[in-house]
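A short write-up of the structure that comes next.
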Amino acid sequence: MPRVLAVSGGVGGAKLALGLSRLLTPDELTVAVNTGDDETFHGLHVSPDVDTVVYALAGLTNPDTGWGVSGDSFRTLDALGRLGGETWFRLGDLDLAMHLRRTELLAAGRTLTEATRAICDALGVRHPVVPMSDAPVRTIAQTEHGEMAFQEYFVRHACEPRITGVRFDGADDALSSPALSEALVNADAIVFCPSNPLVSIEPVLAVQGVRDAIERFAGPRIAVSPIVGGRALKGPAAKMMAELGEEVSNAGVARRYAGLIDVLVLDESDAAEAPAVEALGIAAHVAPTVMTTDADKTALAREVLTLVSQTAHRRSAR
Ligand code: FO1
């Protein structure tokens, strides 16, 4: 099997990451995760997309939300609220353990990569889940009501303010994490999971050297579109694309990936959009991309890995 670098945001990305982890060994898969969404709440370092991927691979995800821990409760947060603390960001009682442990490890001088590895080891997650960088990068939503940190925009304001731009504070000075740097050199293929290109994938690309390395990457580069039927399956991708003047379609997604991918995987219901993607010089591959069950996740991962080997042959034949 090829060695795959998967780039992921939260909920949608974690589903494909889980599928890939069922088919590839820990030596064959590295999941590099967006940390632009990270935030400090009640003094704790929360890394929502890393949490979401780790919980997915550990089999702990809350199936109703796709983030957080299955069967969690919010008694501590409710108690914090009674004491006058902020409660808009829903940290569950069980989930708090993750953030307490990460914060403790960081305070003891570990990097975010090391803290994530320690947590994965403890939860039995053997596939490397790695932050995009060990340096702080923060996604800032520029909106009609001014700038705000990503979780403030996404959760507190439920993505309601109209967005005028997005920037990634700290990205210019951030080095990619050691495992991401290593995978950019040694992987045989790069897979962009079906995450929001604007706020889940682009923070990773903004980290020093990452976009360049992916542009120059010799192996197959495949993205799974998060847009199905002109809508995002989860989250604000469609609304954000429209507000930023992008076409909300698979061609719109393909444009964001220009120069970075060879193939865009679109959902079977969007087969009619394939020619518009191909007109941009990106091959379009049609497959079922909606992942409801674990079998769907593995099936899409298998499809992507088949594409990896087909695209590798096509590129080496050029
Ligand atoms: N998403 C929400 O919509 N509301 C929340 O209150 C919330 C809390 C939360 C706590 C821990 C965590 O790891 C994730 C959490 N998320 C919540 C998900 C998170 O905001 C998003 O999935 C990502 O940042 C977007 O990719």
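The values are calculated or read from the model by the stated rules, or taken from the named source; none is laboratory data. What you see is a predicted model, and the numbers here were worked out from it, not measured in a lab. Virtual Cβ from ideal backbone geometry, glycine too; neighbours counted across all protein chains shown. Heavy atoms of the whole protein, side chains included, go into the accessibility calculation; ligands, DNA and RNA do not. Shrake-Rupley method; radii C 1.70, N 1.55, O 1.52, S 1.80 Å.
This table checks each residue for (1) out of contact with any strand residue (DSSP E or B) (no Cβ under 7 Å at 6 or more places or on another chain); (2) near the ligand (Cβ under 10 Å from one of its atoms); (3) aliphatic (A, V, I, L, M).
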{"site": "Gly36", "(1), (2), (3)": "no, yes, no"}
{"site": "Leu60", "(1), (2), (3)": "no, no, yes"}
{"site": "Gly68", "(1), (2), (3)": "yes, yes, no"}
{"site": "Leu77", "(1), (2), (3)": "yes, yes, yes"}
{"site": "Gly81", "(1), (2), (3)": "yes, no, no"}
Open item on the list: Suppose we keep only residues that are without any contact (Cβ under 8 Å) to a residue 60 or more places away in the chain and either closer than 24 Å to Arg22 by Cα or in a helix (DSSP H, G or I) (or both) within region 42-55. Which one would you say is nearest to the ligand (Cβ to nearest atom)?
Closed with: Asp51
Open item on the list: So if I check each of Thr306, Thr289, which one is among the hydroxyl-bearing types (Ser, Thr, Tyr), out of contact with any Leu (no Cβ under 9 Å at 6 or more places or on another chain) and at negative phi?
Closed with: Thr306
Task: Residue that is nearest to Ile222 (Cα to Cα), among those in region 1-34 that are more than 10 Å from the ligand (Cβ to nearest atom) and among the polar types (S, T, N, Q) - done: Thr30
Open item on the list: For region 191-224, which positions are within 24 Å of Asp173 (Cβ to Cβ) and free of Cβ contacts under 8 Å to residues at least 60 places away in the same chain?
Closed with: Leu198, Glu202, Leu205, Gln208, Gly209, Arg211, Asp212, Ala213, Ile214, Glu215, Arg216, Phe217
- [ ] Could you tell me whether region 87-105 includes any residue that is under 23 Å from Met291 (Cβ atoms), more than 12 Å from the ligand (Cβ to nearest atom) and either of a type in the set (Phe, Trp, Tyr) or open to solvent by less than 70 Å² (accessible area, probe 1.4 Å) (or both)?
- [x] no
Open item on the list: Name the single residue that is most open to solvent (accessible area, probe 1.4 Å) among those in region 156-165 being in contact (Cβ under 8 Å) with a residue 60 or more places away in the chain and more than 13 Å from the ligand (Cβ to nearest atom).
Closed with: Arg162
Task: helices (runs of 4 or more DSSP H) enclosed by region 56-140 - at least 2 residues per element that are under 14 Å from Val46 (Cα atoms) - done: 95-107, 112-123
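What number of residues within region 180-217 satisfy the criterion of being part of a helix (DSSP H, G or I) and open to solvent by 30 Å² or more (accessible area, probe 1.4 Å)?
Qualifying residue count, region 180-217: 9.
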TODO: Identify the single condition in (1) within 13 Å of the ligand (Cβ to nearest atom); (2) in a strand (DSSP E or B); (3) open to solvent by 10 Å² or more (accessible area, probe 1.4 Å); (4) of a type outside the set (Gly, Ala, Ser) that Met148 does not satisfy, given that it satisfies every other one.
DONE: (1)
- [ ] Would you check which residues across region 1-38 are open to solvent by 10 Å² or more (accessible area, probe 1.4 Å), farther than 20 Å from Pro197 by Cα and in contact with a helix residue (DSSP H, G or I) (Cβ under 6 Å, 6 or more places away or on another chain) and list them?
- [x] Pro2, Ser21, Arg22, Leu23
Open item on the list: Conditions first: (1) within 16 Å of the ligand (Cβ to nearest atom); (2) within 17 Å of the chain's Cα centre (by Cα); (3) open to solvent by less than 50 Å² (accessible area, probe 1.4 Å); (4) not polar (S, T, N, Q). Pro136 passes all but one, so which condition is the exception?
Closed with: (3)
- [ ] Quick one: Leu244 ticks every box in (1) closer than 24 Å to Trp88 by Cα; (2) open to solvent by 40 Å² or more (accessible area, probe 1.4 Å); (3) among the aliphatic types (A, V, I, L, M) except a single one, so which number is it?
- [x] (1)
Task: Selected residue (criterion: surrounded by the fewest Cβ atoms within 10 Å (Cβ to Cβ)) from residues of region 218-238 that are closer than 26 Å to Ser176 by Cα and touching a strand residue (DSSP E or B) at 6+ places or on another chain (Cβ under 6 Å) - done: Gly219
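Can you find a residue that is touching a Cys at 6+ places or on another chain (Cβ under 9 Å) and small (Gly, Ala, Ser) anywhere in region 79-94?
Filtering region 79-94 for residues touching a Cys at 6+ places or on another chain (Cβ under 9 Å) gives none.
No, every residue in region 79-94 fails to be touching a Cys at 6+ places or on another chain (Cβ under 9 Å) and small (Gly, Ala, Ser).
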